[in-house]
Amino acid sequence: MNRLFAVVVFAGVPLVIAGAFLNWSDFLMFILCCISIIGLSGYIGRATESLAIVSGPRVGGLLNATFGNAVELIISIFTLKAGMVGIVLASLTGSVLGNLLLVLGLSFFAGGIKYKRQNFSLHDAQYNSGLLIFAIIIAFVIPEVFSTSMDSKTTFNLSIGIAIVLIALYLAGLFFKLVTHRGVFTSSDNKEGEVEEEVPEWTKKKSILVLLLSTVAVAFVSEQLVHTFEMLGSKFGWTELFIGVIIVAIVGNAAEHVSAVTMAVKNKMDVSVEIAVGSTLQVAMFVAPVLVIISIFMPNQMALVFTIPELVAMVAASFLVINLCNDGESNWFEGLILFSAYIIMGIGFFLL
Amino acid sequence: MNRLFAVVVFAGVPLVIAGAFLNWSDFLMFILCCISIIGLSGYIGRATESLAIVSGPRVGGLLNATFGNAVELIISIFTLKAGMVGIVLASLTGSVLGNLLLVLGLSFFAGGIKYKRQNFSLHDAQYNSGLLIFAIIIAFVIPEVFSTSMDSKTTFNLSIGIAIVLIALYLAGLFFKLVTHRGVFTSSDNKEGEVEEEVPEWTKKKSILVLLLSTVAVAFVSEQLVHTFEMLGSKFGWTELFIGVIIVAIVGNAAEHVSAVTMAVKNKMDVSVEIAVGSTLQVAMFVAPVLVIISIFMPNQMALVFTIPELVAMVAASFLVINLCNDGESNWFEGLILFSAYIIMGIGFFLL
Amino acid sequence: MNRLFAVVVFAGVPLVIAGAFLNWSDFLMFILCCISIIGLSGYIGRATESLAIVSGPRVGGLLNATFGNAVELIISIFTLKAGMVGIVLASLTGSVLGNLLLVLGLSFFAGGIKYKRQNFSLHDAQYNSGLLIFAIIIAFVIPEVFSTSMDSKTTFNLSIGIAIVLIALYLAGLFFKLVTHRGVFTSSDNKEGEVEEEVPEWTKKKSILVLLLSTVAVAFVSEQLVHTFEMLGSKFGWTELFIGVIIVAIVGNAAEHVSAVTMAVKNKMDVSVEIAVGSTLQVAMFVAPVLVIISIFMPNQMALVFTIPELVAMVAASFLVINLCNDGESNWFEGLILFSAYIIMGIGFFLL
C-alpha cells in the first residue's frame, strides 16, 4: 500500500508539473491531479499519524484539520482573485458537507465494520455541536435571511461584522481548549496502555518535513486541477454548483478523508471525529470569514450569503451530525445514515 | 370492554359491507366505518399484545407498526390510482403528525397519569431520532427546497433517487437492528421478572389469525371510509388538506393508537415508543418512497414534494419528539406538550 | 456597590418624575431612565435574592421571572393601546433573544470566569428545552407559515386559538412543577450545607415591600423611557426594529440580568438558568398570548405573526441554547458563544 502511494506521488507530481508547462489535455490533467492528490494524502495521513502519536490525539487532530484546510484556503484565494465568488461559496459548502457527511460517514462505517461500538469524547462532541449550531445555524443563516431586505453594500457590511465575530470566537475556542480548559474534560478511561505501545513510523522532524512538502505539492496540484473544471462543465454538463460542492469537496478533503478513516479503523474514533468536525468548524469559522475579509481587496466582494439549497443542505447536515454524535458512540449504521444523506444531497446538486 | 369491541366489530363490519352494496347515505357510512375501525383496532391491539408477550418488546413493536401501516399503504394505492396525489401526500403528513404527536402524546399522558416517571430504551430513542432527522429533515426537505428551481420532470427524478436511498437505508436499519446489533444495546435492568409472569390472552396461532382477519377487514372498511370524504368536504366545509392530515390520520392510525396507549398504561413504554416512532419511520422511509415508485405506473406521478405547511409541521413535530425523547423518560406533562402541538397544527390545517 | 445603587435610585426616580412633569429633553430623560432602571434592578435583585434564600431556588427563580416580566407586560399594553403592534412584537422578540443569549450568556461567562465548570439541573434544562421548542418552533412558527395563505381575519383567529393553547399549557406546566412532580427530580447532590449557612439580607416582609415598590417604580420609569424612543429613531437613525429588539430588551430585562449574573457568580447556576430560560418561556407562553387576547379590545389586533428575521433569530437562538444546556454544565466559552450570537443578531437588526 505504502509502496503504491510512493509510486503515485513520485510519478504523479512530476507529470502534473510537466503537463502544466506542456499544456496537456484537460481530461488527462484532471485524472493525473486527482491521483496525485490521493497519493499525497496518503503521505499527509502517515506524517500526521506519526505526529499524532508523539503529540496526543487532540493536537494530532488539530494538525490534520490545519493541513487539510491550508490547501482549501489557497485554492479559494486564487478562485476569488479570478472573481468567481459563486464557486468559492459552493466549495465552502462542499467542504462542510464533505467533512460532516462523507468523511465522518465513511469513518463511522469503516470503523463500525471492524468494531461493534466505538466511543469518542462526549465533551468534545458537545463542544463541537455548540460551535456547529453557532457557525452554521446562526452565523450563516442570519445574513441569508436578513439580506433579502438589504442592499448588497449593507449585506457585505453585515458579513464583515459576522466574519470578525466568527474569527474572534474561533480564537477564543482555541484558547479555551488549549489553555484554560486543557485536560479538564479528559476521561480517565483513555486507553493509555494502548497509546504507549505505539511507535511512530517517522521521527518528529521527518514527519514535519513530509507534511510541509506534501502540503506544498497538494496546493500546486490542486491549482492545476481547478483549471480543468471548465472542461468538466462543458464536456460532462456538470454545473458549477455540482463541481464546487461535490468534486472540489471530495478531492480537496482527500487528506482529511484518508487520515480520518485510517484512525477510525484503528479505533481512535476521537481523532476521526476531531478531524471531520474540527475541519468543518475551521472552514466555517476561519477559512470562510478570512475569505470574506480578503475579498475587500479583490475584484468582487464576497458576502456570506449562500444559495438557499447550499444553506439548507448545511443546516440539515449539521442537525444530523449533532444528533448522531450526541451519545458519544458510533456504529456502521450511523455511518451509513451520514453517507446516505451525502448521496441524497449529491443527487440534488447534480440535478440542480 | 372486550365484549363491547366484539359487538362493535361483529355488528359494524357486516353493516359496512351491506351499506357498501346498498349505497347507504355517506354520513351513516362515515359513522359506521369509524366505529368499526375502532372496534377492529381493539382486536388488533389484543392480538399484537399476545404476540408481543411471546416475541419480546422489539418484535412486538415491529409487528404493530407493520399491521398499522399495511392499511395505509393499501388506501394510498387506491387514492393514487384515482389520481389524487395531494390527498396521498396529506395523509402521509397526517400519519407522521398523528403518530409523533397524537399517539405518542396520548401514550405519554395516559401512562403518566398512572406512573410518575416512565422509562424507555435510550438507545432505541437515539436510533429513532437519527432516522427521523434523516427521513424528515433531509429526505423530505431537500426535494422541497431544490424543486423550486427544477422542472417537474427533474423533481420527479430526484424523488425517485431519494426514494431508492430511503428504502435501502430502511432495509439496512432492519439488518442493523435484527442481525448485526441484535441485543447489543439491551440494558440489564429489563423487568424480566415482570415479563415472565405475563400470560398471553391468545395463543400464537390464534393471535396471527385474528391479526390477519382484522387487517383485511380494516382495509376494506377504510376504503369505504375514503369514499365518504367528498361528502365531508361539501357538507362540513372541511378542506382536502384537513381531511387528509387530521381525519385520515386519526382513523387510519387507530390501531397503533389503541395498542400504544394500552402498552403505556401497562408501563411498557418501550413498546409504545416503538409503535409511535417506528410507525412514523415506516411511513416516511418505506410507505412514502414505495408510493413514489409505484406512481411511475399511475396516471399522475407523485414527487416527494409536500406543501410548505405540511413540511414545516413535520419538521417541527420531529424536533419536538426528538427533544422530549432524548432523556429516555416520559411523564404526563410531556404527553400534554405533544398533544398541544397536535391541537395547534390541527387548528392550522382546519383554517387553511 | 449597594450605596451606589441607593444613590442612583433615590436621586434618579424623583428626577424622572420631575422630568416627566417639566418636559425635560428626550435625551436627558433617556439617560435618567436607563440609570434609574439599572439602579432599581439592583434593588429587585437583592430583594429577590433574599426571598430566594428563604423560599428555595425554584420559587426564587419563578419570583424573579415574574417581577421581570410584569414590567414588560405593562409597557406592552400601553404600546398596544397606542396601536404600535410592530414594536410590541419586536420587544417580545428582543425579550426572548435578550434572555436566551445576553442574560444567559453573561451568566455563563461571569460564572465561568470564577469557576472552571458549573452545573445546573439536567431535568430542569430538559423541561425548559421541550417547552422552548413547543413555544418558539411550533406555536410561533406555525402561524407564520400558515398565514401566507390566509387572510388577516383567519390569521388572527388562528392566533387566538394558539394563544389559548399556550396559556393552558403554561398553567399545566406550573401544576406539573409545583404540584404533581414537586421535588421528583431533585438530585441528592444539592449543596444543602451551603444553602443553610446563607443569611438573607432582608426579612421576608421587607423583601416583598422592596420588590413591590421597585416594580411599580420600574413600570413608571419604563413608560417614560418608551416616550423617548421616537427621538432615538430620528436623532440616531435607529430603526423601530432595532429599538424594540435591542434597546427595550436590554433595559427591560435589566432586572433578570442583574439577578441572573449575581447568582451565576455565586455558583447558583440553577437559579441563573431558571431566571433566563424561565423568563423566556413566560414571555413566549404567557405575556405574548395574553397580549394577543387583550388586543381583541384594542384599536389594532395583534396576530402572533413576527417578521421573518425576528422569527428566524428566535428559532436559531432556541437551538443554540437547547444545545448548550443539554449537558447540564456551563463554562466561560459557552457564555461567549451565546454572547457572540447576540452580537451577530444585534448587528443584523441594526443594519436592517
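Tally time: how many residues in region A:163-183 are within 8 Å of chain C (Cβ to nearest Cβ), more than 13 Å from residue A:139 (Cβ to Cβ) and among the aliphatic types (A, V, I, L, M)?
Total satisfying the criteria: 1.
Can we say residue A:333 is more than 20 Å from residue A:88 (Cβ to Cβ), without any contact (Cβ under 8 Å) to a residue 40 or more places away in the chain and out of contact with any strand residue (DSSP E or B) (no Cβ under 6 Å at 6 or more places or on another chain)?
So residue A:333 does not fit the description; no.
When residue C:34 is evaluated against the numbered criteria (1) at pLDDT below 80; (2) of a type outside the set (A, V, I, L, M); (3) surrounded by fewer than 23 Cβ atoms within 10 Å (Cβ to Cβ), which criterion, by number, is the only one it fails?
Of the numbered conditions (1) at pLDDT below 80; (2) of a type outside the set (A, V, I, L, M); (3) surrounded by fewer than 23 Cβ atoms within 10 Å (Cβ to Cβ), the odd one out for residue C:34 is (1).
Considering only region A:249-267, I want to know if a residue exists there that is in contact (Cβ under 8 Å) with a residue 24 or more places away in the chain, within 12 Å of another protein chain (Cβ to nearest Cβ) and hydrophobic (A, V, I, L, M, F, W, C).
The answer is no; no qualifying residue exists.
Considering (1) open to solvent by less than 20 Å² (accessible area, probe 1.4 Å); (2) within 28 Å of residue C:145 (Cβ to Cβ); (3) modelled with pLDDT under 95, say which one residue C:259 fails and leave the rest.
(2)
Output yes when any residue across region B:298-307 is at the interface with another protein chain (Cβ under 10 Å from one of its Cβ atoms) and within 21 Å of residue B:87 (Cβ to Cβ), and no when none is.
Yes, region B:298-307 has at least one match.
In this structure, does residue C:288 turn out to be hydrophobic (A, V, I, L, M, F, W, C) and modelled with pLDDT under 90?
no
With (1) farther than 30 Å from residue B:344 by Cα; (2) of a type in the set (A, V, I, L, M, F, W, C); (3) within 14 Å of chain A (Cβ to nearest Cβ) as the list, and residue C:241 as the residue in question, which single condition is left unmet?
(1)
Provide a single number: the residues in region B:153-185 that are at pLDDT below 90 and over 17 Å from residue A:341 (Cα atoms).
12
Within region C:341-352, track down each residue that is at the interface with chain A (Cβ under 7 Å from one of its Cβ atoms), in contact (Cβ under 8 Å) with a residue 40 or more places away in the chain and open to solvent by less than 10 Å² (accessible area, probe 1.4 Å).
Passing the criteria: C:341, C:345.
Is at least one residue of region C:262-270 more than 19 Å from residue C:336 (Cα to Cα), of a type in the set (A, V, I, L, M) and touching a helix residue (DSSP H, G or I) at 6+ places or on another chain (Cβ under 6 Å)?
no
Just give me the residues in region B:37-54 being within 22 Å of residue B:232 (Cβ to Cβ) and either open to solvent by 30 Å² or more (accessible area, probe 1.4 Å) or hydrophobic (A, V, I, L, M, F, W, C) (or both), in sequence order.
B:37, B:38, B:40
Okay, residues lined up against (1) in contact with a helix residue (DSSP H, G or I) (Cβ under 6 Å, 6 or more places away or on another chain); (2) touching a residue at least 24 places away in the same chain (Cβ under 8 Å); (3) basic (Lys, Arg):
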{"position": "C:116", "(1), (2), (3)": "no, yes, yes"}
{"position": "C:124", "(1), (2), (3)": "no, yes, no"}
{"position": "C:146", "(1), (2), (3)": "yes, no, no"}
{"position": "C:150", "(1), (2), (3)": "no, no, no"}
{"position": "C:154", "(1), (2), (3)": "yes, no, no"}
{"position": "C:157", "(1), (2), (3)": "no, no, no"}
{"position": "C:162", "(1), (2), (3)": "yes, yes, no"}
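Testing residue A:234 on (1) touching a residue at least 12 places away in the same chain (Cβ under 8 Å); (2) part of a helix (DSSP H, G or I); (3) not β-branched (Val, Ile, Thr), one condition comes back false. Which one is that?
It is condition (1) that residue A:234 fails.
For the list (1) farther than 20 Å from residue A:74 by Cα; (2) assigned to a helix (DSSP H, G or I); (3) not hydrophobic (A, V, I, L, M, F, W, C), I need the number of the one condition that residue A:257 fails.
(1)
Which condition from (1) more than 14 Å from chain C (Cβ to nearest Cβ); (2) hydroxyl-bearing (Ser, Thr, Tyr); (3) more than 20 Å from residue B:127 (Cβ to Cβ) is the one that residue B:280 breaks?
The number of the failed condition is (3).
Mind checking whether some residue in region B:105-115 is of a type in the set (A, V, I, L, M), more than 10 Å from every other protein chain (Cβ to nearest Cβ) and assigned to a helix (DSSP H, G or I)?
yes
So which pairs qualify, if the first residue must be in region A:214-228 and of a type in the set (Gly, Ala, Ser), the second must be open to solvent by 40 Å² or more (accessible area, probe 1.4 Å), the Cβ gap must be under 7 Å, and the two must be at least 6 apart or on different chains?
Within 7 Å, the pairs are A:219/A:74.
Considering only residues that are surrounded by fewer than 23 Cβ atoms within 10 Å (Cβ to Cβ), assigned to a helix (DSSP H, G or I), more than 7 Å from chain C (Cβ to nearest Cβ) and hydroxyl-bearing (Ser, Thr, Tyr), which ones fall in region A:123-152?
A:147, A:152
Scan region A:93-115 residue by residue and report those that are touching an Asp or Glu at 6+ places or on another chain (Cβ under 9 Å) and either among the polar types (S, T, N, Q) or open to solvent by 10 Å² or more (accessible area, probe 1.4 Å) (or both).
A:93, A:95, A:99, A:109
Would region C:309-329 turn up any residue that is of a type in the set (Asp, Glu) and at the interface with chain A (Cβ under 7 Å from one of its Cβ atoms)?
yes
The values are calculated or read from the model by the stated rules, or taken from the named source; none is laboratory data. These figures come from a predicted structure and were not determined experimentally. FYI the Cβ positions are ideal-geometry reconstructions off the backbone, even for glycines, and counts take in every protein chain you see. Keep in mind that these areas ignore ligands, DNA and RNA; they rest on the heavy atoms of the full protein, side chains included. Shrake-Rupley method; radii C 1.70, N 1.55, O 1.52, S 1.80 Å.
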